[in-house]
1. Examine region 205-217 for a residue that is surrounded by 13 or more Cβ atoms within 10 Å (Cβ to Cβ) and either part of a helix (DSSP H, G or I) or of a type in the set (Phe, Trp, Tyr) (or both), and state whether such a residue exists.
2. Looking at LYS199, LYS258, LYS253 in this structure, which one is at pLDDT 85 or above, basic (Lys, Arg) and more than 30 Å from TYR90 (Cα to Cα)?
3. Here are some conditions: (1) modelled with pLDDT of 80 or more; (2) open to solvent by 50 Å² or more (accessible area, probe 1.4 Å). SER96 meets all but one. Which one does it not meet?
4. Which of the residues belonging to region 202-219 are farther than 14 Å from TYR121 by Cβ and in contact (Cβ under 8 Å) with a residue 12 or more places away in the chain?
5. Conditions: (1) touching an Asp or Glu at 6+ places or on another chain (Cβ under 9 Å); (2) crowded, with 17+ Cβ neighbours inside 10 Å. ARG231 meets all but one. Number of the miss?
6. Looking only at helices (runs of 4 or more DSSP H) that fall completely inside region 19-98, which ones have 1 or more residues that are within 17 Å of the chain's Cα centre (by Cα)?
7. Exactly one condition in (1) open to solvent by less than 60 Å² (accessible area, probe 1.4 Å); (2) in a helix (DSSP H, G or I); (3) out of contact with any Lys or Arg (no Cβ under 8 Å at 6 or more places or on another chain); (4) more than 21 Å from ASP148 (Cα to Cα) is false for PHE223; which is it?
8. I'd like to verify a number: residues in region 68-92 that are β-branched (Val, Ile, Thr) and surrounded by 15 or more Cβ atoms within 10 Å (Cβ to Cβ), how many?
Amino acid sequence: MNEEKIIRKEAEDFYERKLNTSNSYKVINDFNNLKIRLDDFYTEDYKAIFLEEIENSLTYDLKKHRDEKHGGLASETCGYEIYAEKFLFYLKQELSTLPAIARQKFDADNEVIKEKVFISYSHSDNSFLTEIQRHFKPFLNKIDYWDDSKILPGQKWKEEIENALKQTKVAILLISTDFLGSDFVMNHELPKLLHSAEKDGTVILSVILKPCLFEEFEDLNKFQAMNPPSRPISRMSEDERDDILVNLVRQTKRILNK
């Protein structure tokens, strides 16, 4: 087990055992305990790795909670959400104090630079996004998948999306009628991804979520989809859906490993 894997496993254990996400009033106490742990055991490089892993886990769980409990919307009265939002805010502040060069050096030394995967989708298809996030979660130590649920309150969302688009090497498109009808996706995200595919070799992987006129969009259908339009994810059994999404992760890893 290399050093980064050790740090990430320790962060995962800390997240599961030490953070009391059911009590919104314990945020500062829990975060102080986290800082004590970091100051006692880790260099600047390792602190960044540890905090990033906590951030990944909490962001994923917050998104899942919103989808399952609040229809994908934020709740200002939910104790879990209050805790998670505050903790993520403190994490961002702490990460900003760590020199970026330290993380870059650590990645170079250990040859585990994380590749960026951009997921473009319609918010009407949140439940499908959650399924895909679940399949990517075991590989977060090497694959940095990005969707707009990563944008925290107070951040400049257009700049965050622009930065993610510039870094992406694989773009996953979650196709549905709502996706094809989204002004932001079709007029902002998609043109940049298509340009990147043509000029920089970004690979586009499409997943057909629901019945739609995918074949009518020539810029999109020239890229072979993971499943045919006649067999959208919404019509598949649970096992069939998992097969498609496992293959999606497998293809993503294969492309990134080239």
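1. Taking region 205-217 and keeping what is surrounded by 13 or more Cβ atoms within 10 Å (Cβ to Cβ), we get 205-212, 214, 217.
From what's left, either part of a helix (DSSP H, G or I) or of a type in the set (Phe, Trp, Tyr) (or both): 214, 217.
For region 205-217, residues surrounded by 13 or more Cβ atoms within 10 Å (Cβ to Cβ) and either part of a helix (DSSP H, G or I) or of a type in the set (Phe, Trp, Tyr) (or both): present.
2. LYS253
3. That leaves (1) as the condition not met.
4. THR202, VAL203, PRO211, LEU213, PHE214, GLU215, PHE217, ASP219
5. Of (1) touching an Asp or Glu at 6+ places or on another chain (Cβ under 9 Å); (2) crowded, with 17+ Cβ neighbours inside 10 Å, only one is false for ARG231: (2).
6. Counting at least 1 such residues, we get 44-69, 79-96.
7. (2)
8. Number satisfying all stated conditions: 1.
The values are calculated or read from the model by the stated rules, or taken from the named source; none is laboratory data. Here the structure is a predicted model, which is why all the values come from computation and not from measurement. Neighbour counts are summed over all protein chains in view; Cβ atoms, including those assigned to glycine, are modelled from backbone coordinates with ideal geometry. Protein only, heavy atoms only, side chains kept; ligands, DNA and RNA dropped before computing areas. Shrake-Rupley method; radii C 1.70, N 1.55, O 1.52, S 1.80 Å.
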